[in-house]
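Q: The structure follows.
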Amino acid sequence: MSVRRWLYSGLLYGLVPLFLLRLLWRSRTNPAYRQRLGERFGFSAVRESAIWLHAVSVGETMAARPLIERLLRDYPHERLLLTTTTLTGSDTVKRLFGERVEHCYLPYDLPGALARLLQRVQPRLLVVMETEIWPNLYAACAQRQIPLMVANARLSARSVRGYTRVGALVRETLADAGLIATRSVQDAQYFQQLGAQAEQVVVCGNIKFDLQIPAGVAEHGKQLRQQWGENRLVWVAASTHEGEDAVILRVFAQLRETLPGLLLIIVPRHPERFEAVVQLCAESGLLYARRSRVGMAIAPDTAILVGDSMGEMLLWYACADVVFIGGSLVTHGGHNPLEAAAFAVPVLSGEHVHNFADIFPPLCEAGGAVLVSDEVALQAYLQVWLQDTTTRLQAGEAAKVFFQQNQGALACLVRHIHTMLPITRDEQ
């Protein structure tokens, strides 16, 4: 172990009590946070699996879905382990794949914890989604000659600045990666700037464009629209963060003055915020309903439906006339607009979209999205799109065309995975 990684590991061991305290603190509102703690240290009951894929949370798991389905098809006789870091990511894995994959939490990046999991799983390939640069994980795979691919790899300018502060350790870590398949040329340049060699890096495109809409979702959305009133306009505020919900509710109250039948579906990003958003809706004085309490059968005069459920974002998009993507009026960095684009729904977002800097500019240029600077601009664009059907439909169609024209990353990733883990004759 190098001196740099030894110092990093020592610091990480010292921080473990804080990690555990954070989980216990969050378990005050959701007991699941204090369950399965052993998995955080590599103690897991998962079975031996030829392929290990790691996706941090919900977004990464949803993005990886077409790849996971393809791996299950191409390697039918091999088990697949899917790890996540977050509770919501774990719930998403169980909902999407059930017993078809093994699942546990990714251990903390501690040598002993990783050794325990690797000894149990014995993977022949590790695929890490997006931006997970863990020195001990990469080193453990290199020591055991386990090929490691970073898929859909991305870096923002902000991330590069952060990693540069520990540049030597990052350079050492990236040297242990077999292949870094990036979303864009800019991402490839960023990884090389951090020390990756040119021969390690390939540009495959963004797998989020290869989203596969499950059969029946669009039809279900159409049925709900008919149930709620065919002529009701629907605004979906998706993946909202603290500081955005109050703005959305103020804008909605203003819009209702000229569009009294408008329905707002507000979907907080994190389950622990459901109650806080419900309280804001109650204080607004408008009639609201909770998805968890009334299902989809809302009263005709319901103004707000709080999407306090998990795994239904595609359905909300299928119901929408216009979508606002949260995490963007605050400095979180935005969320994925492509799921809305797949349904030909025009997108509004705040200007803080550095997590999707490769998607929003060209989507805006194509006419499928608009970035708004503040509450006033948000209301102005909503007013235009909700009142002008032609303009709204044109923007939605532009979003869908942009989505379709950028597909193809899945085929590229699969081709490289087949090289790293050849398909045997029995699996063909």
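The values are calculated or read from the model by the stated rules, or taken from the named source; none is laboratory data. All of these numbers come straight from a predicted model, not from anything done at the bench. Here the Cβ is made from the backbone with ideal geometry for all residues, glycine too, and neighbour counts use every protein chain on show. Note: areas computed on protein heavy atoms with side chains; ligands, DNA, RNA excluded. Shrake-Rupley method; radii C 1.70, N 1.55, O 1.52, S 1.80 Å.
Q: Among the residues of region 394-411, is there at least one that is acidic (Asp, Glu), open to solvent by less than 70 Å² (accessible area, probe 1.4 Å) and either closer than 20 Å to Ser328 by Cα or modelled with pLDDT of 95 or more (or both)?
A: So in region 394-411, the residues acidic (Asp, Glu) come out as 397.
Filter once more, so that each one left must be open to solvent by less than 70 Å² (accessible area, probe 1.4 Å): none.
The answer is no, given that none of the residues of region 394-411 is acidic (Asp, Glu), open to solvent by less than 70 Å² (accessible area, probe 1.4 Å) and either closer than 20 Å to Ser328 by Cα or modelled with pLDDT of 95 or more (or both).
Q: Turning to a different aspect of this structure: What pairs come up if the first residue lies in region 278-306 and is under 20 Å from Glu242 (Cβ atoms) and among the aromatic types (Phe, Trp, Tyr), the second is part of a loop (DSSP other than H, G, I, E, B) and open to solvent by less than 50 Å² (accessible area, probe 1.4 Å), and their beta carbons are under 9 Å apart, counting only those six or more places apart or on different chains?
A: So the pair list comes out as Tyr288/Thr302; Tyr288/Ala303.
Q: Scan region 69-98 for residues that are within 23 Å of Ile417 (Cα to Cα), charged (D, E, K, R) and assigned to a helix (DSSP H, G or I) and report the count.
A: 4
Each row is one residue, and each column tells you yes or no for (1) of a type in the set (A, V, I, L, M, F, W, C); (2) in contact (Cβ under 8 Å) with a residue 40 or more places away in the chain.
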{"position": "Leu314", "(1), (2)": "yes, yes"}
{"position": "Thr331", "(1), (2)": "no, no"}
{"position": "Leu348", "(1), (2)": "yes, no"}
{"position": "Asp358", "(1), (2)": "no, yes"}
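Q: Same structure again: Taking only region 230-248 into account, find how many residues are in contact (Cβ under 8 Å) with a residue 40 or more places away in the chain and assigned to a helix (DSSP H, G or I).
A: Number of matching residues: 2.
Q: Restricting attention to region 199-224, report how many residues are open to solvent by 40 Å² or more (accessible area, probe 1.4 Å) and touching a Cys at 6+ places or on another chain (Cβ under 8 Å). I'd like the intermediate steps shown before the answer.
A: Filtering region 199-224 down to residues open to solvent by 40 Å² or more (accessible area, probe 1.4 Å) leaves 199, 203, 212-216, 218-220, 222-223.
Filter again for touching a Cys at 6+ places or on another chain (Cβ under 8 Å), leaving none.
Residues meeting the conditions: 0.
One line per residue, one yes/no per condition, for (1) over 25 Å from Met310 (Cα atoms); (2) buried (at least 21 other Cβ atoms within 10 Å of the Cβ):
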{"position": "Leu82", "(1), (2)": "no, yes"}
{"position": "Asp91", "(1), (2)": "no, no"}
{"position": "Lys94", "(1), (2)": "no, no"}
{"position": "Arg100", "(1), (2)": "no, no"}
{"position": "Leu106", "(1), (2)": "no, yes"}
{"position": "Leu114", "(1), (2)": "yes, yes"}
{"position": "Leu118", "(1), (2)": "yes, no"}
{"position": "Gln122", "(1), (2)": "yes, no"}
{"position": "Val128", "(1), (2)": "no, yes"}
